[in-house]
There are 6 protein chains.
Amino acid sequence: MRLVVLNANTSASMTEAIGQRARAVAGPATEIVALAPTWGPASVEGWLDAQLSATAMLDRMVGWPDHFDALVMAGFGDVGREALREVLDQPVVDITEAAVMMAQLIGHRYGIVTTHGRARSLIEASLRAAGQFERCASIRALDMPVLSVAEDWEEVGRRFRDEVGLAVGEGAEVICLGSGALAPFANALADMVEVPVVDGVAAAVALAESCHQLALSTSKVGAWATPTVKERSGWPITGP
Amino acid sequence: MRLVVLNANTSASMTEAIGQRARAVAGPATEIVALAPTWGPASVEGWLDAQLSATAMLDRMVGWPDHFDALVMAGFGDVGREALREVLDQPVVDITEAAVMMAQLIGHRYGIVTTHGRARSLIEASLRAAGQFERCASIRALDMPVLSVAEDWEEVGRRFRDEVGLAVGEGAEVICLGSGALAPFANALADMVEVPVVDGVAAAVALAESCHQLALSTSKVGAWATPTVKERSGWPITGP
Amino acid sequence: MRLVVLNANTSASMTEAIGQRARAVAGPATEIVALAPTWGPASVEGWLDAQLSATAMLDRMVGWPDHFDALVMAGFGDVGREALREVLDQPVVDITEAAVMMAQLIGHRYGIVTTHGRARSLIEASLRAAGQFERCASIRALDMPVLSVAEDWEEVGRRFRDEVGLAVGEGAEVICLGSGALAPFANALADMVEVPVVDGVAAAVALAESCHQLALSTSKVGAWATPTVKERSGWPITGP
Amino acid sequence: MRLVVLNANTSASMTEAIGQRARAVAGPATEIVALAPTWGPASVEGWLDAQLSATAMLDRMVGWPDHFDALVMAGFGDVGREALREVLDQPVVDITEAAVMMAQLIGHRYGIVTTHGRARSLIEASLRAAGQFERCASIRALDMPVLSVAEDWEEVGRRFRDEVGLAVGEGAEVICLGSGALAPFANALADMVEVPVVDGVAAAVALAESCHQLALSTSKVGAWATPTVKERSGWPITGP
Amino acid sequence: MRLVVLNANTSASMTEAIGQRARAVAGPATEIVALAPTWGPASVEGWLDAQLSATAMLDRMVGWPDHFDALVMAGFGDVGREALREVLDQPVVDITEAAVMMAQLIGHRYGIVTTHGRARSLIEASLRAAGQFERCASIRALDMPVLSVAEDWEEVGRRFRDEVGLAVGEGAEVICLGSGALAPFANALADMVEVPVVDGVAAAVALAESCHQLALSTSKVGAWATPTVKERSGWPITGP
Amino acid sequence: MRLVVLNANTSASMTEAIGQRARAVAGPATEIVALAPTWGPASVEGWLDAQLSATAMLDRMVGWPDHFDALVMAGFGDVGREALREVLDQPVVDITEAAVMMAQLIGHRYGIVTTHGRARSLIEASLRAAGQFERCASIRALDMPVLSVAEDWEEVGRRFRDEVGLAVGEGAEVICLGSGALAPFANALADMVEVPVVDGVAAAVALAESCHQLALSTSKVGAWATPTVKERSGWPITGP
């Protein structure tokens, strides 16, 4: 199958790293195509960023000419999941939903450790909308900018261990990495702590493969039915 | 005060009608400026439309050069409320929240009658995110396109009476008009039924005036703090 | 319009102060009539007080001979909202609901700072019954008697700053003053802290004016339908 | 033990009938004292009635000179439970809570059949406040006045069978009689249907005896702590 | 009446102690028969134990030849309540439900103090399934093995006082003993603290007597209907 | 990987059919071992059956001598998930959770069509305990015995189409097959209706493979920590 992994921001290096992470976990029959929006925020750290990113991701996929079998949305807590599901027939797997679904199979309550504190209201809103918030024990943040994770690895490690410890104290039995930026470091982070760690990118790749395996595609009866044809002036913003 | 009433779609006639409705209920000291996005869907009837509209509304306000005191988002059930509150310091009043808040002051449980069925999942999601869904008894639809309301008034009246009757049977004690397109006809619709009818545009104008009266502006502590300065390439889409 | 602001307790000085606060925020076309029950507790600090106050407020309004357009219930967390809505045709706006509705327009989660700790169970019960509790982050108390607020202003200020700080730490982005007794000091209290402060009396005056502006009155279909005519011996307790 | 069964209305015949019902189920060591308020509504059929009744019940118990061990509040869905618990040290058992607690021991989901439709919002509010609503499958009404039950027994039976059938269709596995007025006919009603029937008066008598048996009295730590001593002018309304 | 009190574990001394506790609170007309499973865990301290215990309790009752009127399940937070209700016609009262029902009659929010921490997820699951979790303020543990309670009484007392204090700080107004092993010491434990203490065994005995008093038996309409006759090989595990 | 698919009942033909279904969807590197309990009910149709089955499944796995990498519990709505997760280190995937997780990726609200009505309370309880019930629109039943599905295929098809139509009318956008007995017919059933159909056995196989792919195993911190070593007399019931 051909699986598009769509970064939420325009950072080429993060797109590359997320693509590598996806390839590392994907099955042998899966071709990973890592894409990024052609415009929008360099990192998603709040509602404005998430809103722009959602439209830029829509824009990217509507303008994408090639065949693909499923889409992974690689921004944790980002908005736009419903619109992508409406526009596409292929399954759309959000790393937020994917991470906590896999986590709930292996722990009764899950925690999330994200990069920066202002992601929290986005993550909570995304999980509530997905009906997946009830077993959430804790959402904590490293309080570091998304794009600095790769640059200050020692500090990331120190803070990660601290926040995981606090999350476990609040009842978490498994930890989800709450940012696409942490995905490339998933194995190293998992080695630092005693509880299982779920990376949303890996989880979403596996679930997208599962959808393909079961021949499931998005229901077009109800909330995510194909949009009606009508005038939408100025869109797509960057034509195919 | 100067109050911007921002239509969610690009229809000039609906923008004009919503502006007139707002002027009809506003206080004498309120200047209404009716705006529409410069691009986007001609009507909002699903998640794609709502997503594009949200970005186009952001785009419109960031490019708006003049002073204003508060903003009314005039799309019922639309997305983008949080991003506008993050970007602006002025109060942002969504007609969805506004309608049901006013309705809950005068009836124990409220119903919503919207234009077309596919708005339902948007409206429910918006009200759940706002913590205002618990007292909702019913969401029903006329099953007519947004832009045809003005053209087939007799049919609108017939269906409205039917749907209000069914909503009351489900427990609604007050009815909210679930579409900006119905706002201009609020008085005529209210005359057709025995239960009170709340028009979200009128409700939002009154609540925006109330915010101004109480000198309240959006909290910048927490979820809606001002966005960080960073590169957001390609945005605003239409420069100031 | 003529707006009755009904104190929940019999304290003449608090009735006067609440009336002044209401006049300070009301529009130029609003006449404020500040009333108090003719019997009942000198301050409302628990369920017995709230219960007696509810009946004394009913008694007061049934015995009130003059025209009025809307009623503000000026006791925070008090009981009796439903019975007043049943008895009256005019809109009844409770300062509890009003405060948190306005607060939710400008902050994602709200906190409440009340005077004394035993008000907490009343406030929580009132907000749950109103379907407005979901976005509550914190209810905290100054732990001072209602009637001593005016007398020990320095201590009030010190404790208010402390409790607001703790509420913000629990996630509050906007603070509601949880007592009619704090309303007269709303501006001074708001100046002490960085987050927006909403005074329920001011909020309720604005929402009552909004109801009048939109020509909304209490729905008589369902929960708050006019009481049947029957024998209710010994009532009203103090005849008209 | 001496158990006060307090009718919510002033009807002497209903007080007598409720007292007889209580005696029929009470243990041999239980003395039943059936009381009614000295003022208030002849029947409780809405929020005004419930509010007056709550104060009249408080009034009655504060003026009651004799020893007693526990109190049963015999109005289904009525208000005032918290204030009575605050004022008294003895256990206070509400027939609303009592009925559904016993029902939940013998059926997974319960239904309620009350006399008149406007009791529904009171009953739902009472059960939600008590944290006992989750397993409620149905609240239905005979749509007959409270005081006419004894007079039109054939019609009561016909409607009761119909409403129980509809409640079972909605998922009820056990039926609670939703009115003190139905309590005296509990055995006859139970014989009419296939599902178990719980009468709140009987349930409350048994639970009050259970509290006595276990030496439990109302917690004075928290919500129901003894009221502070203060001026409450005009109260009690009818002195001891 | 004859009331079977069924211990969840095979400990003869605990069965004896629970039986004595039951006899101490039961009415004079109640004969207590204390039973234990003939196989299974020596103490119930997790999901495996609870699962085995549930089947062993079923096994015990199906093999029980004598008449009885009601059953008390004496394991706190244990599983198997629904299956016993399905199999038996007599009322089945679980000490978990019973404790918190009685507690909610005398305190607005309840806390639970259990023996060991791993019981917490069982207790929470049991209360959620029973629709009785909403008013739970706190679940705390002594962190001592179930079977060591009787042996280290001084340590139990010290820890109990500490945990009750913390539970009250979290909002509990009444404390439930969260383990059948604590039931025999209920009076001594209650004397140690200022808040009321409810022992589930005593509560369940009283509620089972109440069911008998009201002639209530398990509804066979719906979830707990009598099992169909079919092949269940190898069961009962220990024949009658 | 070696994946054990554990039937909940003792029917050899169903075990065989479920194994075949699992093999049909599993990846090429997955070896499926289909097991059944050695004792217990021939079909699971209520709480007694589910309870026995849970213990018999535990018994089977504790006595299983060979290596395996993950376990699929193949009874829809059955109990015992938590105990198996406690006892095993390998991931345990329940077809109930698995079906609705996959369904929620492709439809906003899901429905369930099971074989017989009495499974409904089991299914609802299982989904609530898993925190996966919020997006459930409908649970419906064919009202046919589990073991007769294969024998009366025409009737199954007719009823399935009817029940799916009713579920869609209640808001379902995707249908989960609510019984392991329906799994072998998943493709034929999916072809009968317009909405996507998810078979829990297939979903669980895919999720178990995903756990293996991501190297996730059950968290031993918290609710599902390894059971303590202690005496559990008479268990395992059938020794290794």
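Looking only at residues that are touching a strand residue (DSSP E or B) at 6+ places or on another chain (Cβ under 9 Å), within 30 Å of C:Val174 (Cβ to Cβ) and not in a loop (DSSP other than H, G, I, E, B) in segment C:211-240, which one is farthest from the other protein chains (Cβ to nearest Cβ)?
C:His212
Over 30 Å from B:Val195 (Cβ atoms) and of a type in the set (A, V, I, L, M): is that true of C:Ala26 in this structure? Steps first, answer last, please.
On the way: over 30 Å from B:Val195 (Cβ atoms): no; of a type in the set (A, V, I, L, M): yes.
So C:Ala26 fails the test.
Just need a number here: residues in segment E:52-74 that are open to solvent by 10 Å² or more (accessible area, probe 1.4 Å) and closer than 20 Å to F:Thr228 by Cα.
Number satisfying all stated conditions: 0.
For segment E:35-47, which residues satisfy the criterion of being in a loop (DSSP other than H, G, I, E, B) and not aromatic (Phe, Trp, Tyr)?
Initially, segment E:35-47 is screened for residues in a loop (DSSP other than H, G, I, E, B), giving E:36-39, E:42-46.
Within segment E:35-47, E:Ala36, E:Pro37, E:Thr38, E:Ala42, E:Ser43, E:Val44, E:Glu45, E:Gly46 meet the criteria.
Please tell me if F:Gly107 is open to solvent by 10 Å² or more (accessible area, probe 1.4 Å) and either at the interface with another protein chain (Cβ under 9 Å from one of its Cβ atoms) or touching a residue at least 24 places away in the same chain (Cβ under 8 Å) (or both). Give the derivation first.
Details: open to solvent by 10 Å² or more (accessible area, probe 1.4 Å): no; either at the interface with another protein chain (Cβ under 9 Å from one of its Cβ atoms) or touching a residue at least 24 places away in the same chain (Cβ under 8 Å) (or both): yes.
It is false that F:Gly107 is open to solvent by 10 Å² or more (accessible area, probe 1.4 Å) and either at the interface with another protein chain (Cβ under 9 Å from one of its Cβ atoms) or touching a residue at least 24 places away in the same chain (Cβ under 8 Å) (or both).
Here are some conditions: (1) under 30 Å from F:Glu97 (Cβ atoms); (2) of a type in the set (A, V, I, L, M, F, W, C); (3) buried (at least 16 other Cβ atoms within 10 Å of the Cβ). A:Val149 meets all but one. Which one does it not meet?
(1)
Would you be able to tell me the number of residues in segment A:126-146 that are within 21 Å of A:Asn9 (Cβ to Cβ), out of contact with any Lys or Arg (no Cβ under 6 Å at 6 or more places or on another chain) and open to solvent by less than 30 Å² (accessible area, probe 1.4 Å)?
So the count comes out to 5.
Would you pick out the residues in segment A:208-220 that are open to solvent by 50 Å² or more (accessible area, probe 1.4 Å) and at negative phi? I'd like the intermediate steps shown before the answer.
Of segment A:208-220, the ones open to solvent by 50 Å² or more (accessible area, probe 1.4 Å) are A:212-213, A:215, A:217, A:220.
Listed by number, the residues that qualify are A:His212, A:Gln213, A:Ser217, A:Lys220.
Looking at (1) away from chain F (no Cβ under 14 Å); (2) open to solvent by less than 10 Å² (accessible area, probe 1.4 Å); (3) assigned to a helix (DSSP H, G or I), which one does E:Val4 not meet, given that it meets all the others?
Tallying (1) away from chain F (no Cβ under 14 Å); (2) open to solvent by less than 10 Å² (accessible area, probe 1.4 Å); (3) assigned to a helix (DSSP H, G or I), E:Val4 fails exactly one: (3).
Among the candidates C:Val193, C:Val205, single out the residue that is more than 7 Å from every other protein chain (Cβ to nearest Cβ), open to solvent by 10 Å² or more (accessible area, probe 1.4 Å) and farther than 13 Å from B:Ile106 by Cβ.
On the way: C:Val205 fails: open to solvent by 10 Å² or more (accessible area, probe 1.4 Å).
Of the residues listed, the single one that is more than 7 Å from every other protein chain (Cβ to nearest Cβ), open to solvent by 10 Å² or more (accessible area, probe 1.4 Å) and farther than 13 Å from B:Ile106 by Cβ is C:Val193.
Being open to solvent by 20 Å² or more (accessible area, probe 1.4 Å), within 14 Å of another protein chain (Cβ to nearest Cβ), over 19 Å from A:Leu48 (Cα atoms) and not hydrophobic (A, V, I, L, M, F, W, C) is the requirement here; does B:Pro41 meet it? Can you show your working first?
Values: open to solvent by 20 Å² or more (accessible area, probe 1.4 Å): no; within 14 Å of another protein chain (Cβ to nearest Cβ): yes; over 19 Å from A:Leu48 (Cα atoms): yes; not hydrophobic (A, V, I, L, M, F, W, C): yes.
The answer is no for B:Pro41.
Quick one: in segment F:101-125, which of the residues that are among the polar types (S, T, N, Q) and under 22 Å from F:Thr15 (Cα atoms) is farthest from the chain's Cα centre (by Cα)?
Taking segment F:101-125 first, the residues among the polar types (S, T, N, Q) are F:104, F:114-115, F:121.
Cutting the leftovers down to under 22 Å from F:Thr15 (Cα atoms) gives us F:114-115.
Details: F:Thr114: 12, F:Thr115: 13 Å.
Only one residue fits best here, namely F:Thr115.
C:Ile18 - would you say it is surrounded by fewer than 24 Cβ atoms within 10 Å (Cβ to Cβ) and touching a strand residue (DSSP E or B) at 6+ places or on another chain (Cβ under 7 Å)? Can you show your working first?
Working: surrounded by fewer than 24 Cβ atoms within 10 Å (Cβ to Cβ): no; touching a strand residue (DSSP E or B) at 6+ places or on another chain (Cβ under 7 Å): yes.
When the stated conditions are applied, C:Ile18 does not pass them.
For a quick check of your reading: which strands (runs of 3 or more DSSP E) sit entirely within segment C:67-153 and have at least 1 residues that are among the aliphatic types (A, V, I, L, M) and in contact with a Pro (Cβ under 8 Å, 6 or more places away or on another chain)? I'd like the intermediate steps shown before the answer.
Working: elements: C:70-73, C:92-94, C:110-114, C:136-141.
It comes to C:70-73.
Tell me whether segment D:80-97 contains one or more residues that are more than 25 Å from D:Pro227 (Cα to Cα), in contact with a Cys (Cβ under 9 Å, 6 or more places away or on another chain) and buried (at least 22 other Cβ atoms within 10 Å of the Cβ).
Scanning segment D:80-97 turns up no residue that is more than 25 Å from D:Pro227 (Cα to Cα), in contact with a Cys (Cβ under 9 Å, 6 or more places away or on another chain) and buried (at least 22 other Cβ atoms within 10 Å of the Cβ).
Of (1) assigned to a loop (DSSP other than H, G, I, E, B); (2) within 14 Å of the chain's Cα centre (by Cα); (3) not charged (D, E, K, R), C:Ala54 satisfies all except one. Which?
All conditions are met except number (1).
Output the number of residues of segment E:19-42 satisfying the condition of being under 14 Å from D:Ser210 (Cα atoms) and hydrophobic (A, V, I, L, M, F, W, C).
The qualifying residues number 4.
Answer yes or no: is there a residue in segment C:14-34 that is charged (D, E, K, R) and assigned to a loop (DSSP other than H, G, I, E, B). Step through it out loud before you land on a result.
Residues of segment C:14-34 that are charged (D, E, K, R), as a first pass: C:16, C:21, C:23, C:31.
From what is left, the residues that are assigned to a loop (DSSP other than H, G, I, E, B) are none.
No - not one qualifying residue is present in segment C:14-34.
The values are calculated or read from the model by the stated rules, or taken from the named source; none is laboratory data. Model, not experiment: these values are computed from the prediction. Here Cβ is always computed from backbone atoms with ideal geometry, including for glycine, and neighbour counts include all displayed protein chains. Heavy atoms of the whole protein, side chains included, go into the accessibility calculation; ligands, DNA and RNA do not. Shrake-Rupley method; radii C 1.70, N 1.55, O 1.52, S 1.80 Å.
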